[in-house]
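Contents: one structure, followed by commentary.
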Amino acid sequence: MSKPAILTVDDDPRVSAAISRDLQSRYGAEYRVVRATSGDEALGVLTKLALRSQPVAMIASDQRMPAMTGIEMLERARTIAPGAKQLLLTAYADTGVAIKAINDIGLDHYLLKPWDPPDERLYPVIDDLLGDWRRANPEVTTDLRVVGHRWSDRSHEIKTFLARNHVPYRWYDVERNPESQQLMELAQATAAELPLVLVPEGETLRAPSTPDLADSLGISTRAEQPLYDVCIVGGGPAGLAAAVYAASEGLSTVIVEREAPGGQAGQSARIENYLGFPNGLSGSDLAQRAVAQAARFGAETVLARDVVGLQTRGPVHAVVLEGAGDIEARSIIVATGVSYRQLGADGIDDFTGRGIYYGANASDATQCQGDDVHIVGAANSAGQAALNLARFAKRVVLVVRAPTLKDRMSRYLVDRIEHNSTIEVRYSSEVVGCAGDGHLERLTIVDRASDTREDVPASWLFVFIGASPRTDWLGPDIARDDKGFVVTGQDLQHPAYEEQWRLTRPPFALETSRPGVFAAGDVRLDSMKRVASAVGEGAMSVHLVHRYLATI
Ligand SMILES: Cc1cc2nc3c(=O)[nH]c(=O)nc-3n(C[C@H](O)[C@H](O)[C@H](O)COP(=O)(O)OP(=O)(O)OC[C@H]3O[C@@H](n4cnc5c(N)ncnc54)[C@H](O)[C@@H]3O)c2cc1C
């Protein structure tokens, strides 16, 4: 496969030569650095690369150019090279324009000229952008191969597991990709053994379970120690923050996550309100950084394990793992967040994983290239997904029950959706039925305002509706409200829960009705449901764990 391209665009020959030289010296081994000196020329180069199916990883453009500004060119480039990272090179005077472009055209980053020394001012930014691009385009950078049916739910689960754990893979659809038949013959595999996972220098896995897949990729699925100071259940922002703080403060720490670190935030194409990241950052990037940080401090991670029970054995607690024993710890932090509610439409169960998906990963977007996509939901998560999918899909239809988006979605997202010609919003509407032969082919949408019902062709439906905590596994001793949110701290003194707190000392903030078991993040009653608050509660819970451990 040919090297992915980095395109630089600048009308000043000296600056153009300087940026190309700096990029070539650092990235030339892996990328082809291509130059253009005007917006028109850049669009021509991108068209040629697209016709040759050559991937474009990044476009770095000057803002002030005659005839076409950098931002105008980058906006038009989105349709030719939709996945390419976009960097604007600006003078200080254009900072306001660049910040506006982050909102208006989804600019990934801007850099002030000059960028000397590049080791400090250029390369860290480009390393991040190219790292993100590589993770979103694993087919360009890996030898791990997955062969399966496009509409098989198991294939989708395996692809999601790999993507969310940042394991790059190449996908071979048995119906569309002739090489997949060759791979099946080489592996002597039958259709019943799909999906196949061909691990480089490893064995060929036939329809593997998630723990087996994780094991063969060297992803840890078992705890190493007999007893920990703290066991954290859930690897979203709250759990990862707790792991970083606990391990860095010397507590022996294990974190158990059933899918992939990052939680809901890991699905976010761009988190824009997290302090310190004015350009936003992808949830997957945030998760990867947090996992590395927790590991650096010595926190252990156990993946692909569902926690299904909680027991107390004298001064020690134990979390029970599905099919894999238990983990004992002197304290527990429950950080299991929330999961999307099921959509109540006829036929939904037949197509879940076969065209209908709850949430969407960044990698789902590329798979919808050129197709129509439907999304159900009206909150920020649905809005972010619509904008992300619109970069690749032919058309995105957002189906919204309310007559407006403004009630539940942040204004910056509403503005962008209204100005995006690829996105159509169907207000006062609901998806009430799904049909197809083996995979989703049609949706029935009811318009409550006009009282009309319409069948529309559809092969992709992403659902982002109200989330609920799945906390049954905690058992009756841990107080929860009628929706399942965990009651903590002062709220336990409410008459409805006070009988469940049995000690004479009052509960610590974030402590549940079982002493030594804490809850942090979205799973907690009255939590704020934001990345920053989940991170804050995760960090705070560790301070409270120290106080609890001092009492036993
Ligand atoms: C698409 C999307 C976009 C978003 N965008 C933003 C944004 O831009 N800004 C913002 O502030 N917020 C955003 N949010 C909200 C934010 O992501 C959440 O508030 C935050 O992730 C909550 O963190 P958490 O750690 O409490 O829970 P979660 O992120 O829900 O993580 C919980 C983790 O626990 C795991 N788990 C659950 N049960 C078990 C079990 N029994 N055993 C083992 N593991 C288990 C789950 O797999 C999950 O990984 C977004 C949410 C979504 C879905």
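What the table shows:
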quantity	calculated
Subset of segment 271-298 that is within 25 Å of L87 (Cβ to Cβ) and of a type in the set (A, V, I, L, M, F, W, C) - its residue that is farthest from the ligand (Cβ to nearest atom)	A292
Among (1) of a type outside the set (D, E, K, R); (2) under 13 Å from the mean Cα position of the chain (by Cα); (3) within 13 Å of the ligand (Cβ to nearest atom); (4) over 21 Å from E224 (Cα atoms), the one test that P261 misses	(4)
Within segment 33-135, helices (runs of 4 or more DSSP H) holding 1 or more residues that are touching a residue at least 60 places away in the same chain (Cβ under 8 Å) and open to solvent by less than 50 Å² (accessible area, probe 1.4 Å)	70-80, 95-105, 118-121
Filter result for V291 (closer than 30 Å to G131 by Cα, touching a residue at least 12 places away in the same chain (Cβ under 8 Å), under 22 Å from the mean Cα position of the chain (by Cα) and open to solvent by 20 Å² or more (accessible area, probe 1.4 Å))	yes
Qualifying positions in segment 304-328 - within 12 Å of the ligand (Cβ to nearest atom) and either hydroxyl-bearing (S, T, Y) or open to solvent by 30 Å² or more (accessible area, probe 1.4 Å) (or both)	D306, V308, V320, E322, A324
Members of segment 329-372 found to be surrounded by fewer than 22 Cβ atoms within 10 Å (Cβ to Cβ), away from the ligand (no atom under 16 Å from the Cβ) and outside any loop (DSSP other than H, G, I, E, B), listed by number	R330, D346, I348, D349, D350, T352, T366, Q367, D372
Lone unmet requirement of (1) more than 30 Å from A98 (Cβ to Cβ); (2) within 17 Å of the chain's Cα centre (by Cα); (3) not aliphatic (A, V, I, L, M) for G266	(1)
Filter result for the condition that a residue is of a type in the set (G, A, S), at positive phi and more than 16 Å from the ligand (Cβ to nearest atom), over A207, A187	A207
Only listed residue being among the polar types (S, T, N, Q), modelled with pLDDT of 95 or more and touching a strand residue (DSSP E or B) at 6+ places or on another chain (Cβ under 9 Å), chosen from S428, S468, S459	S428
Yes/no for T301 being within 13 Å of the ligand (Cβ to nearest atom), open to solvent by 30 Å² or more (accessible area, probe 1.4 Å) and under 25 Å from V463 (Cβ atoms)	no
Verdict on P195 being over 26 Å from A265 (Cβ atoms), at pLDDT 95 or above and touching a helix residue (DSSP H, G or I) at 6+ places or on another chain (Cβ under 9 Å)	yes
Residue that is over 29 Å from L440 (Cα atoms), of a type in the set (A, V, I, L, M, F, W, C) and touching a strand residue (DSSP E or B) at 6+ places or on another chain (Cβ under 9 Å), where the choices are V376, V308	V308
Condition met for A260 (crowded, with 22+ Cβ neighbours inside 10 Å, touching an Asp or Glu at 6+ places or on another chain (Cβ under 9 Å) and either at pLDDT 90 or above or part of a loop (DSSP other than H, G, I, E, B) (or both))	no
Number of positions in segment 399-413 that are within 14 Å of the ligand (Cβ to nearest atom) and outside any loop (DSSP other than H, G, I, E, B)	3
Residues satisfying the stated conditions in segment 263-278, i.e. outside any helix (DSSP H, G or I) and within 18 Å of R391 (Cα to Cα)	S268, A269, R270, I271, E272
Matching residues, segment 223-243, being over 15 Å from G521 (Cα atoms) and within 14 Å of the ligand (Cβ to nearest atom)	A223, C231
Verdict on R305 being touching a Leu at 6+ places or on another chain (Cβ under 6 Å) and closer than 26 Å to P237 by Cβ	yes
Condition check for F464: touching a helix residue (DSSP H, G or I) at 6+ places or on another chain (Cβ under 6 Å), open to solvent by 10 Å² or more (accessible area, probe 1.4 Å) and under 27 Å from S381 (Cα atoms)	yes
All positions within segment 269-287 that are open to solvent by 20 Å² or more (accessible area, probe 1.4 Å) and out of contact with any strand residue (DSSP E or B) (no Cβ under 9 Å at 6 or more places or on another chain)	A269, N273, L275, G276, P278, S284
Pairs where the first residue, in segment 382-397, is under 15 Å from S282 (Cα atoms) and the second is within 15 Å of the ligand (Cβ to nearest atom) and of a type in the set (K, R), C-beta under 6 Å, 6+ apart	L387/R416
Boolean, S209 is closer than 18 Å to R170 by Cβ, open to solvent by 10 Å² or more (accessible area, probe 1.4 Å) and within 24 Å of the chain's Cα centre (by Cα)	no
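For every residue, the table says whether it meets (1) open to solvent by less than 70 Å² (accessible area, probe 1.4 Å); (2) over 30 Å from L310 (Cβ atoms); (3) not acidic (D, E).
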residue	(1), (2), (3)
A402	yes, yes, yes
N420	yes, yes, yes
Y427	no, yes, yes
C434	yes, yes, yes
L443	yes, yes, yes
D451	no, yes, no
W460	yes, yes, yes
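For (1) open to solvent by less than 30 Å² (accessible area, probe 1.4 Å); (2) more than 24 Å from S459 (Cβ to Cβ); (3) not acidic (D, E), each residue gets a yes or a no:
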residue: E157; (1), (2), (3): no, no, no
residue: P168; (1), (2), (3): no, yes, yes
residue: Q182; (1), (2), (3): no, yes, yes
residue: L194; (1), (2), (3): yes, no, yes
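The values are calculated or read from the model by the stated rules, or taken from the named source; none is laboratory data. Keep in mind that what you see is a predicted model, and the values were worked out from it rather than measured. All Cβ positions, even for glycine, are placed from backbone atoms using ideal geometry, and neighbour counts span all protein chains on display. Protein only, heavy atoms only, side chains kept; ligands, DNA and RNA dropped before computing areas. Shrake-Rupley method; radii C 1.70, N 1.55, O 1.52, S 1.80 Å.
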